[in-house]
Amino acid sequence: MAIIDYLKQPKGANKRTKRRGLGQGSGHGKTACRGHKGQTARGNTKKYKGVEGGQMPLMRRLPKRGFASQNKKEYQLVSSKELNILSGDKPITPELMKKKGFIKDVRGLIKVLSADKFKKSLEVHAHAFSKAAKLAIEEAGGSILILKKRSPVGYRPLAEDEVKKPKDMPVKSDDSSSKE
C-alpha cells in the first residue's frame, strides 16, 4: 500500500513569494513595499541588526557588567555513581563514556567528580579529576590517566614526560670566557 499517494500538505505549507514592483494593480507597485525616500528605499542597501533609525539601539541602552573570558574551559562532568555501573575489565575512555551516554562530545573536556566510593578498581581516562575522585579511584585500587587537552581529531593520553611536574630551574654557567 502506497501511503505516500494519500499524503497531503497542510494548508499554508507552500506560500507564494510576494512579487513586488509589478505595477499599481498588484498592490506592491511603485515603491515596491520600501516606503518613500530614505536610505532603505534606495538600491544596494542593507539594514543592519540593531539599527533602530536614530533611536538609541537596545544593545546600547542595556547596562553591561563583567566580561566573557575567551579562554573559558567547559568540562563535561561525570560522577563516580555513573562510573560504578561500568565493569572494570577495560579502561574507561571518552569513547566508552559517550557510548554509555555519560558525555555528549568525545572531543570535549571531561572531568570526573566523586559522589560516592568506587566499588571496583577502574582505569579512568579524563582531562581532569577532583581531589576526592582521584583519591577514591586510587583507594579502590584503580588508576587514572590524564588526557592531553582538546585536539581537533580527538584525544591522546599524556606521555610520562608530559605529565605536569615542577619545572627544573635552568642552571646558569658562570663562564667568564664566553663573555669575552
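The values are calculated or read from the model by the stated rules, or taken from the named source; none is laboratory data. These figures come from a predicted structure and were not determined experimentally. Glycine gets a Cβ as well: all are built from the backbone with ideal geometry, and neighbour counts include every protein chain shown.
The residue that is nearest to L147 (Cα to Cα), counting only those in segment 105-133 that are of a type in the set (D, E, K, R) and touching a strand residue (DSSP E or B) at 6+ places or on another chain (Cβ under 6 Å), is K111. Scanning segment 91-104 for residues that are surrounded by 14 or more Cβ atoms within 10 Å (Cβ to Cβ), under 19 Å from the mean Cα position of the chain (by Cα) and either touching a residue at least 40 places away in the same chain (Cβ under 8 Å) or not in a helix (DSSP H, G or I) (or both) gives P94, F102, I103. The set of residues in segment 58-110 that are in contact with a Phe, Trp or Tyr (Cβ under 8 Å, 6 or more places away or on another chain) and hydrophobic (A, V, I, L, M, F, W, C) comprises V78, L83, V106, L109, I110.
Checked against the criterion of being under 30 Å from G141 (Cβ atoms) and surrounded by 11 or more Cβ atoms within 10 Å (Cβ to Cβ), the candidates S87, S79 yield just one match: S79. A residue that is over 16 Å from I85 (Cβ atoms) and modelled with pLDDT under 85 occurs somewhere in segment 140-149.
Considering only residues in segment 119-135 that are among the aliphatic types (A, V, I, L, M) and surrounded by fewer than 20 Cβ atoms within 10 Å (Cβ to Cβ), the one that is nearest to the chain's Cα centre (by Cα) turns out to be A128.
Taking segment 105-148 as the range and being among the hydroxyl-bearing types (S, T, Y) and in a loop (DSSP other than H, G, I, E, B) as the test, the residues that pass are S114, S121, S130. Number of residues in segment 15-24 that are assigned to a loop (DSSP other than H, G, I, E, B) and over 20 Å from G43 (Cβ atoms): the value is 2. Hey, among the residues in segment 36-59 that are loosely packed, with under 10 Cβ neighbours inside 10 Å and of a type in the set (D, E, K, R), which one's nearest to the chain's Cα centre (by Cα)? Per the stated criteria, the residue is K49.
Can you confirm whether segment 25-35 contains a residue that is in a helix (DSSP H, G or I), surrounded by 10 or more Cβ atoms within 10 Å (Cβ to Cβ) and out of contact with any Cys (no Cβ under 6 Å at 6 or more places or on another chain)? Yes, segment 25-35 contains a residue that is in a helix (DSSP H, G or I), surrounded by 10 or more Cβ atoms within 10 Å (Cβ to Cβ) and out of contact with any Cys (no Cβ under 6 Å at 6 or more places or on another chain).
The C-beta contact set for segment 64-76 (first residue within 27 Å of F102 (Cα to Cα), second residue outside any strand (DSSP E or B) and aliphatic (A, V, I, L, M), distance under 8 angstrom, 6+ apart or interchain) comprises Q76/I103. Note on segment 74-90: among residues that are not in a helix (DSSP H, G or I) and not hydrophobic (A, V, I, L, M, F, W, C), the one that is modelled with the lowest pLDDT is G88.
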